[in-house]
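The values are calculated or read from the model by the stated rules, or taken from the named source; none is laboratory data. Being a predicted model, the structure only gives us computed values, none of them experimental. Neighbour counts run over all protein chains shown; Cβ positions are idealised from the backbone, glycine included. Just so you know, the surface numbers come from the protein's heavy atoms only, side chains and all, with ligands and any DNA or RNA stripped out. Shrake-Rupley method; radii C 1.70, N 1.55, O 1.52, S 1.80 Å.
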Amino acid sequence: MALEELYREVILDHYRNPRNRARLDAPDVTAEGVNPLCGDEVLIELSFDGDTVEAVSITGQGCSISQSSASMMSEAIKGKTRDEIMQLSERFRTMMDLDSNGELRIDPDRPGSVLGEMEALQGVRNYPVRIKCANLPWTTLQEALADA
Ligand code: ZN
């Protein structure tokens, strides 16, 4: 299977079977994000155990890219500390970033397997209008962490 095809399968799997959608009873923080360009919405709820994300809920609606990105993020951040999440977030941005000419940036610090399934979203870089979709859960998460 071509890598591109594999990535599409991963994205569709998360879109059709989004993880961690059960709402939390008493979240410590919530944040809501919208991407008006596409009509994407995500609602993030987190509860902490000390500095560690103990439970996460992400609900929302929108395109397959935003919703699959949210689903993958929800799995990636569970059990992680705030610092670890900030690092993941930075790596995700690096993965999605384009250079000033709109070309893919070849970054020596490009994230490796640490992003796991989220690597599937890198194909989105070929569709710049969709980068905002992929990034929406992460920008919303940052708001949630800032409030925590
Ligand atoms: Zn979208």
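For the chain, adding -39500 (n - 2.57) for each run of n ≥ 4 DSSP H residues and dividing by the number of residues yields -14000 deg cm²/dmol at 222 nm.
For the chain, the longest principal axis of the alpha carbon atoms and the long axis of helix 64-77 meet at an angle near 60°. Within the full protein context, the accessible area of Arg130 is estimated at about 80 Å² for a probe radius of 1.4 Å. Please tell me the relative contact order of the chain in percent, rounded to the nearest whole number, where contacts are Cα pairs under 8 Å and at least six residues apart. Relative contact order of the chain: 29 percent. Average accessible surface for the chain: 53 Å² per residue, computed with a 1.4 Å probe over protein heavy atoms with every protein chain in place.
What a 1.4 Å probe finds exposed on the range 3-147 is 46% carbon and sulfur by accessible area, rounded to a whole percent. Among residues other than Glu9 with Cβ under 12 Å from its Cβ, the summed charge is -2 (Lys and Arg +1, Asp and Glu -1).
Here the Kirkwood formula puts the hydrodynamic radius of the chain at 15.4 Å, using every distinct Cα pair.
All other residues whose Cβ lies under 10 angstrom from that of Met118 are scored, Lys and Arg at +1 and Asp and Glu at -1, for a net of -2.
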